[in-house]
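Data first, discussion second: the structure below is written as structure tokens.
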Amino acid sequence: MTRSAKLILIAAIIAVGSAALAYFGAMHFCASHMASGDDLAWLQREFRLSDSEMQRIRQLHEGYLPKCREMCGRIAAKQNEVEATLANGASTNSAEQELIELGTLRAECQAQMLRHFEEVSRAMPAEQGKRYLAEMQRLTLGFHEQIENSMGASPHSGHGHHGNP
Amino acid sequence: MKLEFDPTDEKLTGLLKAARPMGELAPAFQNRVWQRIERLEQKSETLLDRVASWVVIPRIAFGALAAVIIAAATLGAVHGASAGATEARDRYVASVDPAYMPR
């Protein structure tokens, strides 16, 4: 290896090492800074909310959580009932009824969640509220829509809809 | 038989001069020789040599290193901010929708 090649190799090692340190250091610092705070910290940063707006949203959030927990408990209990019914080998009719009730509870939960999102969006400035609502709908309801769309689109899934020709 | 060169032997010196005549140097002969040497040296310098010659200049080396560090830190900050914001967003959404699964 020539002297020039050695010099360039050493310079490259120093440059790559320094760059890696700077990259990972800055990434770690910024990631921990952005992820810091409580569950609502993201809202204030993302939607540039004032302290008074955040106070109102915090009240709404804290009011919503017990309702959400209660709904989760009801869904979990109904889920257990469905499993028990299926395990006991009960009639298809009673299992169907349990599944309908489970689905209804899930729909109620989603509707309650949507109402909460709307309340929170109204506590924000109009433009930000609109953006918040769209983002929450995309992240929560959009997830289920994606699964349903993928089930409908895949011809090999066995769940495709077979319409009349 | 022992042969020795005698510098005082005018006859012999005269014969030697006649046998190896020394012509006059062409005008600017020396300049042309230097130019040829210079051209040869220039041709032998590769890109590697040129880069190496910059690397040893402290002003250039530190300037380039600072530029690399600033660029890497900026990129890291952008990626980190994005990852941190996504993590915070996922935490909020999971707090209001327990069925939410971060993608």
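Below is a table of values for the structure above.
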{"read-out": "Phi-based couplings in Hz for region B:30-41 (Karplus 6.51, -1.76, 1.60; Gly and Pro marked x)", "value": "4, 4, 5, 4, 5, 4, 5, 4, 4, 4, 5, 5"}
{"read-out": "Mean separation of Cα contacts under 8 Å (6+ apart) over length of region A:6-141, as relative contact order %", "value": "22"}
{"read-out": "Exposure proxy order (Cβ contacts within 10 Å, fewest to most) of A:8, A:13", "value": "A:13, A:8"}
{"read-out": "Helix-derived mean residue ellipticity, 222 nm - over chain B, DSSP H n ≥ 4, -39500 (n - 2.57), to 500", "value": "-24500 deg cm²/dmol"}
{"read-out": "Within-12-Å neighbourhood charge of residue A:130 [Cβ basis; K, R +1; D, E -1]", "value": "-1"}
{"read-out": "Simple label model, 7 Å out from Cα along Cβ direction - residue A:80 to residue B:53, nm", "value": "8.2"}
{"read-out": "Cβ neighbours within 10 Å from other chains - mean over A:9-18", "value": "3"}
{"read-out": "Label-to-label distance, nm, for residues given as residue B:8 and residue A:32 (7 Å Cα→Cβ offset)", "value": "9.6"}
{"read-out": "Theoretical ellipticity at 222 nm over chain A - DSSP helices of four or more residues, -39500 (n - 2.57) apiece, nearest 500", "value": "-29000 deg cm²/dmol"}
{"read-out": "Where only C-alpha atoms are counted, convex hull volume of chain A per residue in Å³", "value": "297"}
{"read-out": "FRET efficiency, 1/(1 + (r/R0)^6) with R0 35 Å, evaluated for residue A:101 and residue A:56 via beta carbons", "value": "0.50"}
{"read-out": "Order of A:46, A:81, B:45 - criterion: other Cβ atoms within 10 Å of each residue's Cβ, fewest first", "value": "B:45, A:81, A:46"}
{"read-out": "Amide H partners (placed H, <5 Å) of residue A:49, local residues excluded", "value": "none"}
{"read-out": "Region B:44-64 versus region A:33-60: alpha-carbon centroid distance in Å", "value": "51"}
{"read-out": "HN-Hα J in Hz across region A:32-38 - Karplus 6.51, -1.76, 1.60, θ = phi - 60°, x for Gly and Pro", "value": "5, 5, 6, 8, 6, x, 7"}
{"read-out": "Region A:55-123: relative contact order as a whole-number percent, Cα under 8 Å and 6+ apart", "value": "49"}
{"read-out": "Cβ-based net charge around residue B:84, under 15 Å, with every Lys or Arg adding one and every Asp or Glu removing one", "value": "-2"}
{"read-out": "Neighbour-count ranking [beta-carbon atoms within 10 angstrom, fewest first] of A:2, A:140", "value": "A:2, A:140"}
{"read-out": "3J(HN,Hα) from dihedral phi, region A:84-89, Karplus parametrisation 6.51/-1.76/1.60, rounded to Hz, x for glycine, proline", "value": "5, 4, 5, 5, 6, x"}
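Only the coordinates and a few stated rules stand behind these numbers; no lab work does. The structure displayed is predicted, hence computed values, not measured ones. Ideal geometry is used to build each Cβ from the backbone, glycine not excepted, and the neighbour counts take in all protein chains shown.
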